[in-house]
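Beneath this line is the structure, given in structure tokens, with notes to follow.
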Amino acid sequence: MNNFDGATNIQNLLQFGEFGDVNPSITDSATYTFMQAKTMTETFQGEAEGCFLYSRHWNPSNKYLADALAAMEGTDAAWVTASGMGAITCAILQLVNAGDHIVSSITTYGGTFAFLQNYLPKFNISVTFVDITKADEVRRAIRPNTRLIYTETMTNPLLQISDLPLLRSIADEHGIKLVVDNTFTPLMVAPCRHGAHITVYSMTKFINGKNDCVAGAICGSHEIINSLVDVNNGTAMLLGPVLDPLRSSSILKNLHTLHIRMKQHSFNAAYLANKFAEAGIKIIYPGFSNHPGHETLRKVYDPQYGFGGMIAIDMKTAENANKLMEKMEHEGVGYLAVSLGYFKTLFSNPGKSTSSEVPESVQKEMGMSEGLVRFSVGLDNDIEMTWQKIRKSLFETGNL
Ligand code: PLP
């Protein structure tokens with residue numbers, strides 16, 4: 001049961017520009033002036049409410065977007081980054097020190113996997129990868145120096161579902177944090193309301209929905225967000241992956257249509273999922289009652305947004321997958337491209353693209369077929385016509 005409505009919370013915010021502009025004014029400045037030196041000192045010390053110091057720390061355009069995201073997530077606060085990876089890496093680095101340990105879902109976005117597996121060892125931080133849907137495996141992986149559990153609400157690319165309340169209870173048993181990437185499921189699930197301490201996003205995807213920029217966000221308590229932007233030791237402040245205010249203002253406008261887009265993405269994905277299943281194609285879709293995570297998702301999702309815009313089909317071999325994708329692009333189904341959450345349908349073969357950072361042996365271990373084709377289903381007005389094009393492509397490539 002979910003009576004939290006992130007979209008209405010965004011709409012209820014009163015955000016307007018300095019001349020009554022219906023869109024908040026864009027603050028096109030790197031630095032901010034003070035009439036009194038004392039106020040500048042107080043701002044440095046984080047004590048002057050409503051004052052801005054320097055754009056890498058905070059700026060009004062980023063604050064408007066961050067406040068809207070916090071309203072959507074039901075968190076105290078948020079901070080916006082120049083990419084999803086900026087959000088993920090800052091959130092993680094803020095919580096761990098050299099010598100610490102992380103437990104992570106083995107299925108995550110390939111860039112996240114590479115950061116955890118290849119980059120963090122530089123700081124003597126180790127990671128144990130687990131099947132996040134197996135509570136025993138998660139529990140067994142936790143060590144005295146474990147600081148956090150990392151997962152995605154709906155994992156990339158296998159569309160497994162993380163049991164957030166259960167993972168939180170495991171985290172609480174050990175006094176550690178739960179960090180959740182909610183990129184695939186904005187509005188559908190608000191992870192911090194179901195146990196996450198921190199929710200991270202690649203806003204590049206559904207939230208912005210226009211594929212015109214990369215961007216990210218970190219949502220959480222005041223304590224967490226303030227620690228990230230602390231001038232002395234905040235990871236976001238010191239590594240500096242701040243989002244440009246011009247981008248913030250354009251993403252904020254797109255955020256206001258997210259609820260309509262998510263409904264249409266979900267509707268179209270459900271339609272295609274049923275058609276694939278009827279045609280006898282092996283498909284992963286969390287909306288099917290026989291998907292292993294279906295009931296888990298139902299416990300936390302907001303039903304008005306359905307089961308999301310992501311589906312994956314198994315074409316068995318990479319060669320088959322490639323032939324199908326080329327044909328679908330030719331037929332005008334959408335684009336053979338990485339990324340997701342765009343108004344056009346995008347498809348890619350994760351093993352050779354977004355998860356190529358994951359070694360083949362690990363891909364096998366996580367149950368990822370080399371012929372997997374991941375679809376981010378677009379906002380097509382006539383989804384039956386799209387299905388006819390897919391059907392023709394399947395048939396003409398010998399897959400039907
Ligand atoms: N998280 C997920 C689930 C993703 O799919 C991606 C990118 O594909 C990222 C994070 C990284 O985001 P960005 O490309 O905005 O850095």
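No lab work stands behind these numbers, since they all come straight from the coordinates. Being a predicted model, the structure only gives us computed values, none of them experimental. Every residue, glycine among them, receives a Cβ derived from its backbone with ideal geometry; neighbour counts consider all protein chains shown.
Starting at 0 and stepping by 10 Å, how many percent of the alpha carbon pairs of the chain end up in each bin?
Using 10 Å bins, I get a P(r) of 5, 23, 32, 24, 12, 3, 1, 0 for the chain.
Quote the FRET efficiency, to the nearest 0.05, computed for Phe267 versus Gln45 with a Förster distance R0 of 35 Å and r equal to the Cβ-Cβ distance.
0.10
Could I have the simple spin-label model distance between Ser221 and Phe4, label points 7 Å from Cα toward Cβ, reported in nm to one decimal?
The modelled label-to-label distance comes out at 1.5 nm.
Can you run phi through the Karplus equation (6.51, -1.76, 1.60; θ = phi - 60°) for segment 219-235 and list ³J(HN,Hα) in whole Hz, with x for Gly and Pro?
10, x, 6, 4, 4, 5, 5, 4, 5, 5, 9, 4, 5, 8, 8, x, 4
Taking the Cβ of each residue in His265, His294, His259 as the centre, tally the other Cβ atoms inside 10 Å and list the residues starting with the fewest. Provide the component values of the computation, followed by the final result.
Values: His265 29, His294 15, His259 20.
Ascending number of Cβ neighbours within 10 Å: His294, His259, His265.
With θ set to phi - 60° and the Karplus curve 6.51 cos²θ - 1.76 cosθ + 1.60, what are the ³J(HN,Hα) couplings of segment 123-133 in order, to the nearest whole Hz, using x for Gly and Pro?
3J(HN,Hα) across segment 123-133, in whole Hz: 9, 6, 9, 10, 10, 9, 8, 9, 7, 5, 7.
At what distance in nm do the modelled label points of Thr257 and Asp28 sit from each other, each positioned 7 Å from its Cα along Cα→Cβ?
2.4 nm
Using a 10 Å Cβ count of at most 13 others and DSSP loop calls, identify the longest part of the chain lacking such GluC sites (Glu not before Pro).
50-400
Can you give the FRET efficiency to the nearest 0.05 for Asn145 and Asp382, using r as the Cβ-Cβ distance and R₀ = 41 Å? List each step's numbers first, then the result.
Numbers: r = 55 Å, r/R0 = 1.33.
The formula returns an efficiency of 0.15 here.
Give the calculated FRET efficiency between His174 and Asp131 to the nearest 0.05, with a Förster radius of 22 Å applied to their Cβ-Cβ distance. Write out the running numbers ahead of the final one.
On the way: r = 19 Å, r/R0 = 0.85.
It comes to 0.75.
Between the DSSP loop rule and a limit of at most 11 other Cβ atoms within 10 Å, which chymotrypsin sites (Phe, Trp or Tyr not before Pro) in segment 26-114 are left?
Taking segment 26-114 and a limit of 11 other Cβ atoms within 10 Å, no loop chymotrypsin sites (Phe, Trp or Tyr not before Pro) are found.
If we count every other residue with Cβ under 11 angstrom of Lys134's Cβ, Lys/Arg +1 and Asp/Glu -1, where does the sum land?
Numbers: positive: Arg139, Arg140; negative: Asp131, Asp136, Glu137, Asp163.
Every neighbour counted, the sum reads -2.
Fewest first, what order do Arg374, Arg168, Arg261, Arg143 take by the number of other Cβ atoms within 10 Å?
Arg143, Arg168, Arg261, Arg374
Can you list residues whose amide H is under 5 Å from Lys282's amide H, if they're 5+ apart or on another chain and H is modeled 1.01 Å from N?
Asp314
Got a sec to turn the phi values of segment 315-322 into Karplus ³J(HN,Hα) couplings, 6.51 cos²θ - 1.76 cosθ + 1.60 with θ = phi - 60°, whole Hz, x for Gly and Pro?
9, 6, 10, 4, 4, 4, 4, 5
Divide by every residue of the chain the summed helix terms, -39500 (n - 2.57) for each DSSP H run of at least 4, and state the resulting mean residue ellipticity at 222 nm, rounded to the nearest 500 deg cm²/dmol.
Computed ellipticity for the chain at 222 nm equals -11000 deg cm²/dmol.
Taking the Cβ of Asn211 as the centre, find all other residues whose Cβ is under 10 Å away and add up their charges (Lys, Arg: +1; Asp, Glu: -1).
Working: positive: Lys205, Lys210, Lys344; negative: Asp212.
With Lys, Arg at +1 and Asp, Glu at -1, the neighbours total +2.
How much net charge surrounds Gly234 when only the other residues with a Cβ under 14 Å from the Cβ of Gly234 are counted, with Lys and Arg +1 and Asp and Glu -1?
-1
Would you mind ranking Thr33, Thr128, Thr235 by Cβ crowding within 10 Å, fewest neighbours first? Working shown, then result.
Values: Thr33 7, Thr128 17, Thr235 20.
Taking fewest neighbouring Cβ atoms as first place, the list is Thr33, Thr128, Thr235.
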